[in-house]
Every structure is written in C-alpha cells, then in structure tokens.
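What follows draws every value from the coordinates through simple rules; no lab data is involved. Every value quoted in this text rests on a predicted model; they were computed, and no experiment measured them. Please note: Cβ atoms are built from the backbone with ideal geometry, for glycine as well, and neighbour counts cover all protein chains shown.
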Amino acid sequence: MRRLSLATLPMVPDSVRPRVDPRAIGVGIVHLGLGAFHRAHQADFTEEAMARAGGAWGICGVSPRSGRVIEQLAPQDGLYTLLTRGSAGPRARVLAPIRQWLVGAHDPEAVTARIADPAIRLVTLTVTEKGYRHDPATGRLRREDPEIRADAAGRPPRTVVGLLVRGLERRMRDSGAPVTVLCCDNLPQNGVTLARVVGDFLSLLTGGDAVAEWLATAVRFPSSMVDRITPATTAADREEAARLLGLRDEGVVVTEPFRQWVIEESFAAGRPAWEQAGALLVTDVRPYELAKLRMLNGAHSLLGYLGALAGLETIAETVAVEPFAIAAQRLMVDDAVPTLVGPAGLDLAAYAADILARFANPALDYRTTQVASDGSQKLPQRLLGTIRDRRTAGAMPRWAVLGVAAWMRWVWSPVTDAGEPRQLDDPLADEMTELLRDVNDPVQVVDRLLHLRAVFGDDLADDVELRERLTDDLTALTIDGAKATVRRAVSLE
C-alpha cells in the first residue's frame, strides 16, 4: 500500500483531506513537544482556525529529544491522520498544519534560530510535566539538575527550558520582535509557572538580567487549559486508518470526539482565530484549570493506579468495575467540587458525569500504565491541591487520599495484585526506589514518601490524621488488593 504524502494526497477522499492547502501555509508557530496530544489538540484547532479565518499559522514542530515522530512525519510531508473514535464509529481526517519539523537533540542551533525568527509569533509547548525540570511542589526550576546546569553553562541546549531560553535570548539580540509563549501542559497556572521557570534559568546566565528585562516588555506567557483524551497509537489503529484512507500512515494519532481549549487572552504578536474553531478565550483560566486538574485528571490518576494494580489494561475496563467508577465519581463530587468555584455556566456534577462517560469509551485503548506514569510530577496538581484545601477546611478527602495511597503502593511494590511485575516510569524512580529499599512496613513507606519534598512540600508530613488515613489505605491495598479495598470502601460510605 502506498504511503500518505503530498504526492498521494489526491487519492484520499475529499471529505477526509486537510481543511487547508498544505502548500499554501506559512509558518508562524514553533511548537516544542511534537507528541500525539499536540497533533490531536492544538494542531487540529490551528488547522481549523486557518481554514475559517486564514493567517500564516503553520507549525514548525520540534521533538526535543527523539527523532521517532519526525521519522513518521517527514516522509509524509508532515501529513498525518487524526483517527477519532466515538459512539458513531471511527472517523478519519488528514491534517496538514505541521509544515516544518526539527529534532532538538540533533540540531539545537536550528531550533533556537527558528524561535528567534521574527516570522514566528507564537511558541507553544506540550512536553508533559516532567519536561520543565521543575519541582512540582514549589513550581520552581530544579537549578541543581545537571542537565539544566550544563545548558546554563553554555553547551548547545538539550533541555526544553534551555532551548526556549536560548531561542528567546537570540531573538532579543537579533530583532527584539515580540512573541507569545503559550504553555499547554497540565501545570497549575501553567503560563505563570513557565514564566517562573524561564526566570529561574535566566538567573543562572551571565547577562540573564537583560534578557529578563526584555521579556517583561516583549513576551507574554498566557495560561491555558487543554482537554482531549489521546491514548497511544497501536498497530490496529494504523490498520484502521489505512482502511479508511486507502493509504499507509505511520503518523496516525487516535483521540475522542470531545475537545476543549480555554486560553487566557494575552498575546504579544497576534494569534490564530482559535475561537472560530471552538476555543474559549477568557481573562482568567484558573476556574477551568482547577476543575479539570482536580476532577478529570485527579479521577484519571485514581483509576490509573487502581486499574494498574488490579491488572486491568485500560481506563475503560477500570471504569467498568463498579466500585472503581463509584470511587472516581466520589473523588470528583465529594472531594474536588467543594474546593472549586466553577466557571460560570458549568454544572460541576454534570461535568463529573460527562468525564466518567468519556473514560468509559471502549473505543479508546487508553492504558492504565500510561496514566500511572510520572506520578511524582502529576500528584501535586491532581490530588494534593484537593487534599490541602479539604484539610484546611477540616475535612478528610477520602477518595483523593486513596488515590495517593494507590500511587504509594505502585511506587513501593514491584508487582501488581496478581504478582505481575510493574514498571515504574517516573523521573524520580531511582530516588524513590532507593528511598524505599528494604522497607516492608506501610507505616515507613508513608513516612518516607511524605518527606519527599519535591512531591509533598513541607506541610503534609506533619498532618497526623492524613498519615494515619494513608497508612490504613496503603495497608489495605497491600494485603487485600485494589478491588477488595475499594469495594469495601464504597460499601462503607
């Protein structure tokens, strides 16, 4: 079967072709983090915005480390299939907003030069929480990180923060043209957090003060909230796309019909007409962000750890276990909602029900182990914020605490409930493994992990009632397993 490319695009049915002519798109965005989520979310919004309102907003996609995505897209002239799986069956569309591509590890000079190019008016990012090399508990850059220190010392940058700052520094020198840096990752107040991390990196540089002064006048860091479930692509997904297109596509991305993007209206040099593609431009993203992080992402993490411990492969399989679904619903409604001031017009109880329905979509093969990865970076914004606010109010957030205990069990135990080996995929994996070496008592596990400052900060370890609740849950998960523990918990409530 022939492969998708500009040469074979005429073979694709008209209804499936890109909404814009790939050959006519000028590049105005550099995007760091060319993974599946970006291609299913911001790239989709951007192509539709150009189709509706025009503008030179093509994307130069940067894969900071691996060249794997580029190997998929380059032979296809940047084209790829967005395969949407919903109740109406699979639907395919070829997208074309990515018009250039670079690998940061292979050519950091080209990446910094592109960021500095005055034709670029937006730099966007989806590099996951760990890509910022920050302390999730404080939101500050880990200045002692050896990779950060090496980038700051002057080597060709390898970290995302190093690439971004060196590009902005060069932009200041070359033209001083204004630019907007838009974070699209699941970080609290992600624009503020990214600006702080950039400032921390600049403090390590000779001449960093001058760059910081320029940033204050010429660069904006708006916040945003993004939402679209995007599981890893499988061989079966590629086969399905080939059947629908009549062409082979190595860059297929799978997603759900739902998509949401809420963006702070603060731009230094223009933007695509994203609102014409369905994005919401607001003055304050925070209410939307907190609702999504604490409800959707919090419940996702709870289900990810419980499902992985129970040996369930997907989130949909996990939600199908009634006690697990009840626990996720109660986490959202009983624990998270009391900490939120919802956005105007958003019924939080209905939002929780919609989230569970999306999780239950059997057409999405979202692996529990994928959700369970990088927990040290995710817990602070997904579960610990809820716990802190509820404890301040004098309440014990039963289900959020269970989520943290499930994470602790995942970190501590090398096997699942069925005795199958588990793979701890986390940037702090080595540190946590060493911390828990030879520990065989849940009391000690809770004590040691609560003192992991990068995750829990300085306050939670002193909460005696919280420690006791975590210890009880971890003990039950260890002795009885995830299914029995949660079944008992929901029956007692």
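Points to keep in mind about this one:
- Estimated vicinal HN-Hα couplings, Hz - the range 34-41 in sequence order (Karplus 6.51, -1.76, 1.60; Gly, Pro = x): 8, x, 5, 4, 4, 5, 8, 10
- Cα gyration tensor, the range 1-71 - rounded (a/c under 1.5), prolate or oblate: oblate
- Computed about its Cα centre, the charge dipole of the chain is approximately 1260 debye, with only Lys, Arg, Asp and Glu carrying charge at their Cβ.
- Close amide H pairs (under 5 Å, H built 1.01 Å from N) link TRP261 with LEU280, residues at least 5 positions away or on another chain.
- Counted charge near THR233, where neighbours are those whose Cβ lies closer than 13 Å (Asp, Glu -1; Lys, Arg +1): -1
- Sequence-distant residues sharing a close amide H with LEU122 (under 5 Å, placed H): VAL30, THR180
- Mean separation of Cα contacts under 8 Å, 6 or more apart, over the residue count of the range 404-493: relative contact order %: 32
- Each part gets one Cα centre, and for the range 73-138 versus the range 302-369 those centres are 28 Å apart.
- Note that the range 260-272 has calculated 3J(HN,Hα) couplings of 8, 8, 10, 10, 5, 7, 8, 10, 8, 8, x, 7, x Hz, one per residue in order, obtained from phi through the Karplus relation 6.51 cos²θ - 1.76 cosθ + 1.60 (θ = phi - 60°); glycine and proline are x.
- The range 205-260 versus the range 407-469: alpha-carbon centroid distance in Å: 31
- Net charge of neighbours whose Cβ lies under 12 Å from the Cβ of LEU293, counting Lys and Arg as +1 and Asp and Glu as -1: +1
- In the chain, Cα pairs under 8 Å separated by at least six residues give a relative contact order of 15 percent.
- Antiparallel beta bridges, as assigned by DSSP with both residues in the chain, represent about 35 percent of the total such bridges.
- Shape analysis of the range 428-471 places it in the oblate category; the axes a ≥ b ≥ c from the Cα gyration tensor give an a/c of at least 1.5, with a/b not above b/c.
- Loop sites in the range 354-462: trypsin sites (Lys or Arg not before Pro), DSSP, at most 13 other Cβ within 10 Å: ARG437
- With a cut-off of 12 Å between beta carbons, the residues surrounding GLN189 carry a summed charge of -2, where Lys and Arg count +1 and Asp and Glu -1.
- Structural descriptor for the range 286-492: relative contact order 27 percent, calculated from alpha carbon pairs under 8 angstrom and at least 6 residues apart.
- Residues THR206, THR234, THR478 in ascending order of nearby Cβ atoms (within 10 Å, fewest first): THR206, THR234, THR478.
- Distant-in-sequence amide H partners of VAL252 (H built 1.01 Å from N, under 5 Å): THR81
- For the chain, calculated [θ]222 nm from helices alone, where every DSSP H run of n ≥ 4 adds -39500 (n - 2.57): -12500 deg cm²/dmol
- Each residue of the range 46-58 was assigned a 3J(HN,Hα) from its phi angle through the Karplus expression (A = 6.51, B = -1.76, C = 1.60, θ = phi - 60°), giving 5, 4, 5, 4, 5, 5, 8, 10, x, x, 8, 10, x Hz with x at Gly and Pro.
- Whole-number D in µm² s⁻¹ for the range 298-446, Kirkwood Cα-pair radius fed into Stokes-Einstein, 20 °C, 1.002 mPa s: 134
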